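So the structure is just underneath, and the comments pick up after that.
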Amino acid sequence: SVLSVLLMQGVRAGLVERNAARDVQGYDEAGEGSEPWPEDVFAFVLENAPPLVMRAAVLARATGQRGVDLVKLRPADRKDAGFDMLIQKLKNKRHWCPVAQDALAVIDGWGQEKMIPYLNIANRKIKEDTIRKHWAAFRDANPDRIPGDLTLHDLRASAVCDRRLRGVPHQQIVDQICMSLNMVLTYSKAIDKTMNAQAGMATMERAGNGPMQTVYAAIENRKG
């Protein structure tokens, strides 16, 4: 939409001949990656994936960040109980991302040299496309265990849902992951509905006997 406005002004100013973005559908960031990974898939990846893919999955879920930022993450970026990192989509805005202690224990256990990215090949820096290719190769080699449309980007949804399940409010997740509130709400929609339904049921149970309890008691007392 921003590009379309710029091109529209360019047409009016005679700088370009047409607005090529006018008829392009808007990009919906919530399209890909709006569902968290199934837990059995995540466990399978941790146990069976090559180290590069395994590390990418752990970092993606622990931080909720995009691959383009994960490939730059180093032990040198560790600060307190998290990472001091740059968010490329936000023009390399610096952001401190807290990480759960259990995930930090795993990451610190890799013993990576301080200035070398966690995601590397022969201690050399790699690009996001490299991670995607390695992930796609592992996923496609295990079609019976991993859905064919599952991406590492989907772990951003897992990161949000992990926090919701631990009771973290939406706005605090925004501040933790540096994600828009709209995206947090999109990623957590399904888990929020489940948690709300469970809370409602707990309220019913605390309220004690209701009209249906009498009916159920009568059924239990039936003979024959």
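Close contacts from region 177-199, counting a first residue that is modelled with pLDDT of 85 or more and open to solvent by less than 30 Å² (accessible area, probe 1.4 Å) and a second that is β-branched (V, I, T) and assigned to a helix (DSSP H, G or I), with Cβ to Cβ under 6 Å and a gap of 6+ residues or different chains, come to V184/V160; V184/I173; V184/V174; Y187/V160; S188/V160.
Out of all the residues in region 153-170, which are open to solvent by 30 Å² or more (accessible area, probe 1.4 Å) and either over 21 Å from the mean Cα position of the chain (by Cα) or under 18 Å from V41 (Cα atoms) (or both)?
Hits for region 153-170 are H153, D162.
Considering the conditions (1) more than 17 Å from Q65 (Cβ to Cβ); (2) touching a strand residue (DSSP E or B) at 6+ places or on another chain (Cβ under 6 Å); (3) not aromatic (F, W, Y), C178 is excluded by exactly one of them, (1).
Taking each residue of region 46-66 that is open to solvent by 10 Å² or more (accessible area, probe 1.4 Å) and looking for partners that are among the polar types (S, T, N, Q) with beta-carbon atoms closer than 6 Å, six or more apart or interchain, yields R61/S158. Checked against the criterion of being of a type outside the set (K, R), out of contact with any His (no Cβ under 7 Å at 6 or more places or on another chain) and modelled with pLDDT of 90 or more, the candidates G224, G208, G148 yield just one match: G148.
Any residue in region 11-24 that is open to solvent by 30 Å² or more (accessible area, probe 1.4 Å), at negative phi, in a helix (DSSP H, G or I) and at pLDDT below 85?
Yes: one or more hits.
The values are calculated or read from the model by the stated rules, or taken from the named source; none is laboratory data. Being a predicted model, the structure only gives us computed values, none of them experimental. Glycine also receives a Cβ, built like all others from the backbone with ideal geometry; neighbour counts cover every protein chain displayed. Side chains included, ligands, DNA and RNA excluded: accessible areas come from the protein's heavy atoms. Shrake-Rupley method; radii C 1.70, N 1.55, O 1.52, S 1.80 Å.
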